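Okay, structure first, notes after.
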Amino acid sequence: MKVLQNKCGNGLAFAILTIFVLVYAPMSFEYFFKYFNDNSPQLWNHFFKFFVGEKHALGYGSVDFSQHTAYVSSRVSMLIHTMGGGIVILISCLQFYRTFRLRHPKVHRVLGYIQVFLVTATMFGAISYLIKTGPTNTYNGLAFYLQLWLLAIGTLLSSYLAIFAIIKKQVLIHQTLMIFNFSLLLSAPVLRLEWLFIGQIPNITQETSNLFSALIYGYLAVPCAILISRHIDFRYKFLNPTVRSNSNLAKIIGKFSLLTSILIIALYYREQNGFDAFFIVTIVLSLLTYLIFNILRLKAKKIDNEIAWLEWEIHCLSFKVIPLIALPSWLLLSNLISSEVAFHAVSLTIPALCFALGYFTMIWSRRVFIIKNSE
């Protein structure tokens with residue numbers, strides 16, 4: 001019964017994700033057509049206006065208004081980026097469909113190489129835009145600019161490593177990397193989905209909405225990939241028994257992390273004369289993430305699942321490292337830009353970066369020397 005429920009739940013989740021991608025993909029395909037032809041369908045603009053109103057969606061301060069010059073200047077590279085991105089997320093959904101993989105392994109392999117080619121094209125289109133536009137003219141400035149760079153680099157890196165892993169017969173690592181890759185590929189549709197909800201807040205600007213959406217996404221992307229990678233992991237014993245947890249080191253890092261977090265809170269209060277909405281949301285997201293990580297870690301220990309416990313130990317440790325990197329990064333950036341903008345930049349990048357470091361440590365622990373009964 002439990003197996004049946006899991007299969008039904010997995011099928012429902014996959015169906016919802018597929019529908020979400022199918023709805024978004026056409027909007028992604030033609031989003032930049034308007035910069036070539038004024039009579040283009042503008043599917044996203046109409047969809048967005050329906051939910052949040054024309055002023056918020058297209059008025060002063062919106063992406064459409066603020067980024068018009070930058071988008072026109074990079075319209076070819078961004079057309080490649082958005083069209084390729086729409087195709088890639090559709091291919092990814094098909095690639096993750098287990099029945100398809102098992103019945104058509106050769107097609108799965110060919111589509112994989114096509115996917116990597118398209119990812120390369122789309123990310124280089126985005127990188128071209130970032131280089132040409134620069135942080136000053138990017139929406140939300142330096143904070144979002146740095147996050148976009150991390151997304152581009154992470155997407156490219158995970159694609160190439162996934163290909164290398166499958167060539168080396170590291171099936172589990174290949175699958176884990178592609179989960180990570182897909183979570184980053186969904187950045188644009190997830191951000192826009194967040195815009196629909198956050199845009200309902202009275203008098204909020206789209207620029208503020210995007211800033212909060214990017215903040216939330218930084219705490220969603222890799223943690224969601226972690227949850228899915230754990231959900232599909234059916235190992236009952238270590239394939240690489242050399243990987244072990246160092247609880248003493250984790251405790252030391254945890255103590256320093258707590259002290260550093262308190263220092264960050266005190267410094268922010270002093271610098272900003274209080275706590276604003278952005279800081280409060282950052283703290284809430286941090287506490288929720290750490291709470292979920294620890295609940296799942298303790299659950300793994302309770303049921304004596306050593307593999308799951310070790311991996312959650314890795315992720316909890318990666319979380320504890322966040323304040324230790326965030327504080328010096330914030331102080332360093334504050335010498336170049338305002339303290340508030342520096343904090344935004346750190347909040348949009350450092351947590352995601354630390355989660356990713358933990359994720360890749362987990363991937364390394366999943367390496368094997370002999371593959372048996374691989375799909």
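One table, with the values for the structure above:
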{"quantity": "Exposure proxy ranking, count of Cβ atoms within 10 Å, fewest first, for TRP330, TRP309", "calculated": "TRP309, TRP330"}
{"quantity": "Sum of side-chain charges, ASN210 neighbourhood, beta-carbon under 15 Å (Lys, Arg +1; Asp, Glu -1)", "calculated": "-2"}
{"quantity": "Most to least packed among 155-167, 196-208 [average Cβ atoms within 10 Å]", "calculated": "155-167, 196-208"}
{"quantity": "Of GLN115, ALA308, LEU156, farthest towards positive along the dipole that unit charges on Lys, Arg, Asp, Glu beta carbons give the chain", "calculated": "ALA308"}
{"quantity": "Helical segments meeting 15 Å axial Cα length and Kyte-Doolittle -1.0 threshold in the chain (DSSP H)", "calculated": "2-30, 75-95, 105-133, 141-167, 171-185, 187-198, 206-218, 221-231, 247-272, 277-302, 306-334, 339-365"}
{"quantity": "Total charge dipole magnitude, the range 72-180, about the Cα centre, Cβ charges on Lys, Arg, Asp, Glu only, Debye to nearest 20", "calculated": "480 debye"}
{"quantity": "Euclidean distance between Cα centres, the range 247-269 to the range 270-318, Å", "calculated": "13 Å"}
{"quantity": "The range 264-356, relative contact order in percent, only Cα pairs under 8 angstrom and at least six apart counted", "calculated": "26 percent"}
{"quantity": "Cα gyration tensor shape for the range 284-375, rounded if a/c is under 1.5, else prolate or oblate", "calculated": "prolate"}
{"quantity": "Choice from PHE33, PHE279, PHE234 with maximal GNM fluctuation in the chain (Cα, 10 Å cutoff)", "calculated": "PHE234"}
{"quantity": "Three-way shape call for the chain based on the alpha-carbon gyration tensor, with the a/c threshold at 1.5", "calculated": "oblate"}
{"quantity": "Computed [θ] at 222 nm, helices only, for the chain once each DSSP H run of length n ≥ 4 contributes -39500 (n - 2.57)", "calculated": "-26500 deg cm²/dmol"}
{"quantity": "Gyration tensor verdict on the range 256-306 (Cα atoms; rounded if a/c is under 1.5, prolate if a/b is larger than b/c, oblate otherwise)", "calculated": "oblate"}
{"quantity": "Whole-angstrom gap from the range 27-80 to the range 325-365, using each part's C-alpha centre", "calculated": "30 Å"}
{"quantity": "Distance (nanometres) between label positions extended 7 Å along Cα→Cβ at ALA250 and THR136", "calculated": "4.7 nm"}
{"quantity": "Relative contact order %, the chain, counting alpha carbon pairs below 8 Å whose residues are six or more apart", "calculated": "17 percent"}
{"quantity": "Fewest-first ranking of HIS231, HIS315, HIS174, using other Cβ atoms within 10 Å as the exposure measure", "calculated": "HIS231, HIS174, HIS315"}
{"quantity": "Max mean-square fluctuation residue, GNM over the chain, Cα-Cα springs under 10 Å, options PRO135, PRO105, PRO26", "calculated": "PRO105"}
{"quantity": "Ranking of TRP149, TRP195, TRP364, TRP312 by count of other Cβ atoms within 10 Å, fewest first", "calculated": "TRP364, TRP149, TRP195, TRP312"}
{"quantity": "Dipole in debye (nearest 20) - the chain, about Cα centre, beta carbon charges: Lys, Arg +1; Asp, Glu -1", "calculated": "1700 debye"}
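Since every read-out is calculated from the coordinates, none of them should be taken as a lab result. Values in this document were obtained by computation on a predicted structure and should not be read as measured data. Note that we place each Cβ from the backbone using ideal geometry, even for glycine, and neighbour counts take in every protein chain shown.
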